[in-house]
1. Restricting to the stretch 64-87, what's the tally of residues that are part of a loop (DSSP other than H, G, I, E, B) and either at pLDDT 95 or above or of a type in the set (S, T, N, Q) (or both)?
2. I need the full set of residues from the stretch 1-54 which are exposed (fewer than 12 other Cβ atoms within 10 Å of the Cβ) and touching a strand residue (DSSP E or B) at 6+ places or on another chain (Cβ under 9 Å), in order please.
3. Just to be sure I understand, how many residues within the stretch 17-49 are over 10 Å from Thr64 (Cβ atoms) and touching a Gly at 6+ places or on another chain (Cβ under 6 Å)?
4. Being surrounded by 12 or more Cβ atoms within 10 Å (Cβ to Cβ) and β-branched (Val, Ile, Thr) is the filter; apply it to the stretch 55-77 and report the residue that is farthest from Ala13 (Cα to Cα).
5. When you scan the stretch 14-44, how many residues do you find that are under 18 Å from Leu59 (Cα atoms) and in a helix (DSSP H, G or I)?
Amino acid sequence: MNDIADRCIDIIAKSKGIPASTITLASTFDELNIDSLDKINISFEVEEAFNIEIPDEALSTLRTVGDMIEGVTKLRTAVPSATITTP
């Protein structure tokens, strides 16, 4: 996996208190017991980690971990590299 995927999976794992090794790109949010409030909290952490802004309407379209990683990748590509900060 790439850095974006690893970081997103780590955020989800910490949020839900589960091992990152149990999360795959195909894992659905339902399988991971991620409800709408969890999605919002995870999205805040992802936004902060990648210095991006996830549109509210995009949250409702996310069904899998892979969907989220794809969205983050697209948003990072759209942001000029000068404004991207990585820890």
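The values are calculated or read from the model by the stated rules, or taken from the named source; none is laboratory data. Predicted, not measured: the structure shown is a model, and the values here were computed from it. So basically every Cβ, Gly included, is an ideal-geometry build from the backbone, and we count neighbours across all protein chains shown.
1. So the first thing to find is which residues in the stretch 64-87 are part of a loop (DSSP other than H, G, I, E, B), and the list is 79-80, 84-87.
Keeping just the survivors that are either at pLDDT 95 or above or of a type in the set (S, T, N, Q) (or both) gives 85-86.
Adding up the residues that qualify gives 2.
2. Ala26
3. So the answer is 0.
4. Filtering the stretch 55-77 for residues that are surrounded by 12 or more Cβ atoms within 10 Å (Cβ to Cβ) and β-branched (Val, Ile, Thr), the one farthest from Ala13 (Cα to Cα) comes out as Thr73.
5. First pass over the stretch 14-44, keeping only residues under 18 Å from Leu59 (Cα atoms): 15-16, 25-44.
Right, trim to in a helix (DSSP H, G or I) and you get 15-16, 36-44.
Looking only at that region, the number is 11.
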